[in-house]
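K.L.:
I have a structure here, written as C-alpha cells, and I will follow up with some questions on it.
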Amino acid sequence: TDVAEEIDLDSSKETGNLPALAQYYENEKGNRNRLSELIRNEFCDIKEPDENHLLLSHLPIHTYWTTNYDHFIEDCLRREKKKVDVKVTEGNMSISIYGADAVVYKMHGDVDHADKTILTQREYETYGERHPLMLNALTRDFQSNTFLFLGFSFTDSNLNHIVSQLKTIAERNDGGVKTHYCIMRKPQQGIDENDADFSYRLKKDELNHKNLLKYGIEIIQVDEFNEITEIL
C-alpha cells in the first residue's frame, strides 16, 4: 500500500496485477531497493510454518517446487532430519548435495537474497532467459513426475509464465500429457457480490478448469481450506 501511494496509485485497485505495480514503482524510482527492503522486513514477521508444511515434510516426497520466498519447506524437512538440497540460483542448479533426501526448487528466489527475487513484471517476462536451467528442471520434472499443486489459482498474472511453460511441455510431449493435480477451494460469493456477478465468475472458473486439463492438470475442489489438511 505504501509503495503504491508513493507513485500516486491505489493498491486496492491493482490487486489483479501486482507485478505491474512493482514494475511501475521500479520505473519511477530507477531501482527496486525499496521493494527488496519490504520483502526482507515483512517476511521477518512470519515466524512459523503451518500444519500443511509439517505434513508435507512427513510425506515421502523427494522434489518440492515453490514460488514462495520463505524457508518453511526446507525448515520442516530439516526438522524431520532430512538432508535437503535447496536450489535458488542458476549456480545452485549445477551443484548437488550427495545423498539428499529432498530437493527444494525456489524458482522465484529466497528472502535471504531479496534483491534477486522475482517480483516485477519485467522479471517475470524475462524469466526463461535469465533462469534457463531452472526451467529445464521444471520441464524434466513435469514430464516425469506427478505434481500436486497447492496454493495455485492459475489465474494470477504472476503465474502466467508457468502456465505458458506447461503448455509448451504438453505440446512437445508426443507420448501424451501426464496427469497432475491441483487442490482449489470452490469459489465463494463475496458479501457485496450480486448473484449475476457470482454466476459469471463461476462460469469463468469452470472454463479455466477445462483449459487446465489440456495441460494435464486435474482440479480437485474443496469447500474449505482446512480440507486440504485433511487430504494431506
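The values are calculated or read from the model by the stated rules, or taken from the named source; none is laboratory data. In this text, all values refer to a predicted model and were calculated from it rather than measured experimentally. Here Cβ is always computed from backbone atoms with ideal geometry, including for glycine, and neighbour counts include all displayed protein chains. Accessible surface areas use protein heavy atoms only, side chains included; no ligands, DNA or RNA. Shrake-Rupley method; radii C 1.70, N 1.55, O 1.52, S 1.80 Å.
K.L.:
I'd like the residue in the stretch 79-131 that is open to solvent by less than 50 Å² (accessible area, probe 1.4 Å), acidic (D, E) and part of a helix (DSSP H, G or I) and, out of all such residues, is nearest to Y24 (Cα to Cα).
P.N.:
So the residue we want is E123.
Residues checked against (1) touching a Pro at 6+ places or on another chain (Cβ under 6 Å); (2) aliphatic (A, V, I, L, M); (3) in contact (Cβ under 8 Å) with a residue 60 or more places away in the chain; (4) under 30 Å from K204 (Cβ atoms):
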site: C76; (1), (2), (3), (4): yes, no, no, no
site: K83; (1), (2), (3), (4): no, no, no, no
site: E90; (1), (2), (3), (4): no, no, no, no
site: S94; (1), (2), (3), (4): no, no, no, no
site: A100; (1), (2), (3), (4): no, yes, no, no
site: E125; (1), (2), (3), (4): no, no, no, yes
site: P132; (1), (2), (3), (4): no, no, no, no
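K.L.:
Looking only at the stretch 1-19, filter to residues that are open to solvent by 60 Å² or more (accessible area, probe 1.4 Å) and under 25 Å from F154 (Cα atoms); which one of those is farthest from the chain's Cα centre (by Cα)?
P.N.:
D10
K.L.:
Count, please, the residues in the stretch 26-53 that happen to be assigned to a helix (DSSP H, G or I), open to solvent by 30 Å² or more (accessible area, probe 1.4 Å) and either among the polar types (S, T, N, Q) or without any contact (Cβ under 8 Å) to a residue 24 or more places away in the chain (or both). Write out each step before concluding.
P.N.:
Residues of the stretch 26-53 that are assigned to a helix (DSSP H, G or I), as a first pass: 26-29, 33-43, 51-53.
Now restrict to residues that are open to solvent by 30 Å² or more (accessible area, probe 1.4 Å): 26-29, 33-34, 37-38, 40-43, 51-53.
After this cut, where a residue has to be either among the polar types (S, T, N, Q) or without any contact (Cβ under 8 Å) to a residue 24 or more places away in the chain (or both) as well, the list is 27-29, 33, 41-42, 52-53.
Residues that pass the stated criteria total 8.
K.L.:
Among all residue pairs at least 6 apart or on different chains, which show Cβ distances below 8 Å where the first residue, located in the stretch 143-160, is at pLDDT 80 or above and the second is in a helix (DSSP H, G or I)?
P.N.:
Close Cβ pairs satisfying both conditions: Q143/I169; F147/D141; L150/N52; L150/I228; F152/L159.
K.L.:
Pick from the stretch 54-69 the residues that are of a type in the set (A, V, I, L, M, F, W, C) and either part of a strand (DSSP E or B) or free of Cβ contacts under 8 Å to residues at least 60 places away in the same chain (or both): which of them is surrounded by the most Cβ atoms within 10 Å (Cβ to Cβ)?
P.N.:
So the first thing to find is which residues in the stretch 54-69 are of a type in the set (A, V, I, L, M, F, W, C), and the list is 54-56, 59, 61, 65.
Keeping just the survivors that are either part of a strand (DSSP E or B) or free of Cβ contacts under 8 Å to residues at least 60 places away in the same chain (or both) gives 54, 61, 65.
Numbers: L54: 16, I61: 15, W65: 20.
Looking at the filtered set, the residue picked out is W65.
K.L.:
Search the stretch 212-231 for residues being part of a helix (DSSP H, G or I) and open to solvent by less than 60 Å² (accessible area, probe 1.4 Å), and hand back the single one that is nearest to I183 (Cα to Cα). Break it down into steps so the answer makes sense when it comes.
P.N.:
Our first condition is that a residue be part of a helix (DSSP H, G or I); within the stretch 212-231, this holds for 212-213, 226-231.
Restricting the remaining residues to those that are open to solvent by less than 60 Å² (accessible area, probe 1.4 Å) gives 212, 227-229.
On the way: L212: 13, E227: 10, I228: 7, T229: 11 Å.
In this case the residue turns out to be I228.
K.L.:
Moving to a separate point now. List every residue pair whose Cβ atoms sit under 8 Å apart, with the two residues 6 or more apart in sequence or on different chains, where the first one lies in the stretch 174-203 and is open to solvent by 40 Å² or more (accessible area, probe 1.4 Å) and the second, anywhere, is assigned to a loop (DSSP other than H, G, I, E, B) and hydroxyl-bearing (S, T, Y).
P.N.:
Correct list of pairs: V177/Y215; K178/T146; T179/T146; Y181/T146.
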